[in-house]
Amino acid sequence: MRILGIDPGLQTTGFGVVDAEGHALAYVASGTIRTTHLPLGDLPGRIKVLYEGVREVVERYGPAVATVEIVFVNVNPQSTLLLGQARGACIAALVAREEPLLVTEYTALQMKKAIVGHGRAAKNQVQEMVKRLLQLPGLPGPDAADALGLAITQAHAGHAMAKLAAVSPLQRRQHAMYKDGRSY
């Protein structure tokens, strides 16, 4: 199964694509979608770039499922709102298709626990573990590593979480508990 992970950001959105067959993982692609060429105040322009960039990634790599990082609440509410808008653009690009993708969500804490073993892992630790898990020749960039980490988390935990959700619906609470398979 091909899985697309997205680490949304208003200036830099990371993406990572992996193929999962059982427990075996294979790296397909990763990178970033950048909006830094646009003025900071051009929110509509940035949203458009993110939307079109995610659409292009989906068309190019044809994932079966996508997973997007759940936004945490920052100290600065304005930053949280802007990040939420970037995330919304990414999710819209995933589901505004003739055949919408199934979109799952994980918090950064959940991804870090799954990849590194503890939720307070530093960016460089996530990069190193993603490199090892996917047998990459070098470290992926920090945003791409987070996106690949989300895809790996979905590959390892998605099936089990879907089974749990089918038996007993899980609810997303403040600080973003997991809810699998939400359709947008």
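Relative contact order of the chain: 28 percent, from C-alpha pairs under 8 Å at least 6 residues apart in sequence. In the calculated pair-distance distribution of the chain, the portion above 25 angstrom amounts to 29 percent of the Cα-Cα pairs.
Ranking Val65, Ser79, Tyr51 by how far each Cα lies toward the positive end of the dipole of the range 15-129 (charges on Cβ) leaves Ser79 at the top. In this Cβ point-charge picture (+1 for Lys and Arg, -1 for Asp and Glu), the chain has a dipole of about 480 debye about its Cα centre.
One quarter of the convex hull surface, Cα atoms only: what value does that give for the range 1-46 in nm²?
Working: hull surface 14.2 nm².
Here the figure is 3.6 nm², rounded to one decimal.
Please label the shape of the range 30-96 as rounded, prolate or oblate, based on the square roots a ≥ b ≥ c of the eigenvalues of the alpha-carbon gyration tensor (a/c under 1.5 means rounded; beyond that, a/b larger than b/c means prolate, else oblate). Numbers along the way, then the final one.
On the way: a/c = 2.26, a/b = 1.40, b/c = 1.61.
Oblate, since a/c reaches 1.5 and b/c is not below a/b.
Evaluate 2.2 N^0.38 Å with N set to the residue count of the range 105-146, then give the Cα radius of gyration divided by it. List each step's numbers first, then the result.
On the way: Rg = 9.5 Å, N = 42, 2.2 N^0.38 = 9.1 Å.
Compactness ratio reported: 1.05.
Considering only Val28, Ile152, Leu4, the residue lying farthest towards the positive end of the dipole of the chain is Ile152, judged by Cα position with unit charges set on Cβ. Cross-link partners for Lys48 among the aspartates and glutamates, with Cα-Cα distance under 16 Å and sequence neighbours closer than 8 places in the same chain left out: Glu56. Rolling a 1.4 Å probe over the protein heavy atoms of the range 1-89, with every protein chain left in place, gives an accessible area that is 57 percent carbon and sulfur.
Summed over the residues of the chain and divided among them, the accessible surface reaches 52 Å² per residue at a probe radius of 1.4 Å.
The values are calculated or read from the model by the stated rules, or taken from the named source; none is laboratory data. What you are looking at is a predicted structure, and each value in this text was computed from that prediction instead of being measured. Note that each Cβ is placed from the backbone with ideal geometry, even for glycine, and that neighbours are counted across all protein chains shown. Please note that ligands, DNA and RNA were not included when accessible areas were found on the heavy atoms of the full protein model with its side chains. Shrake-Rupley method; radii C 1.70, N 1.55, O 1.52, S 1.80 Å.
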